[in-house]
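The values are calculated or read from the model by the stated rules, or taken from the named source; none is laboratory data. Since this is a predicted model, take the numbers as computed values, not measurements. Here the Cβ is made from the backbone with ideal geometry for all residues, glycine too, and neighbour counts use every protein chain on show.
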Amino acid sequence: MRTIRVPLKLINLQDDGFHLLVEIVVFGKKHWAVLDTGASRSVFDKALLEQNIASEAIETINPEEDTVATTLFSTSSTAVATLPKLKLGKLKIKKYQVVGLDLQSVNEAYEHLGHPQVAGIIGGDILIKYKAKISYKRLRVTFYR
């Protein structure tokens, strides 16, 4: 079994808890993402997807449609697209189907608190598949392939 360790950044939400951030690479650029064990599915900023994926390759789903993606998240609309490659440290995930949501309000809150903007939220789908183990002491996540 191959072990991949990825450093984490712990940010303080001003006495309202903490978030773990992990550096990711999508579309050839480094971004931050929230590592969220409570999120059932990983999501990415809809605007980032629209900027980097041809519009005909992005499917917009309206909330009235009965899909898992829209029932889990309350938003006016979601997008579904395929990332050519997602990297978390040395973990490379190719042709990963993602849900896109508007993360503008999250990023505005982060900016107000002096934290970096995020391109996405890494959730349970990736954490379970790669048997993630989070160490708060060492501030790292370990993935097993």
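Of everything in region 36-62 that's in a loop (DSSP other than H, G, I, E, B), surrounded by fewer than 11 Cβ atoms within 10 Å (Cβ to Cβ) and small (Gly, Ala, Ser), which residue is modelled with the lowest pLDDT? Out of the qualifying residues, it is ALA54.
Just give me the residues in region 101-127 being of a type in the set (A, V, I, L, M) and either closer than 21 Å to GLY89 by Cα or in contact with a Gly (Cβ under 6 Å, 6 or more places away or on another chain) (or both), in sequence order.
Passing the criteria: VAL118, ALA119, ILE121, ILE122, ILE126, LEU127.
Inspection of region 135-145 finds no residue satisfying the criterion of being within 13 Å of TRP32 (Cβ to Cβ), in contact (Cβ under 8 Å) with a residue 40 or more places away in the chain and touching a Leu at 6+ places or on another chain (Cβ under 7 Å).
For region 124-139, taking the residues that are aliphatic (A, V, I, L, M) and in a loop (DSSP other than H, G, I, E, B), the one that is surrounded by the fewest Cβ atoms within 10 Å (Cβ to Cβ) is identified as LEU139. Among the residues of region 1-15, those identified as outside any loop (DSSP other than H, G, I, E, B) and either surrounded by fewer than 12 Cβ atoms within 10 Å (Cβ to Cβ) or out of contact with any strand residue (DSSP E or B) (no Cβ under 7 Å at 6 or more places or on another chain) (or both) are THR3, LEU10. Applying the condition of being surrounded by fewer than 15 Cβ atoms within 10 Å (Cβ to Cβ) and within 14 Å of the chain's Cα centre (by Cα) to region 63-91 and asking which residue is modelled with the lowest pLDDT yields THR82.
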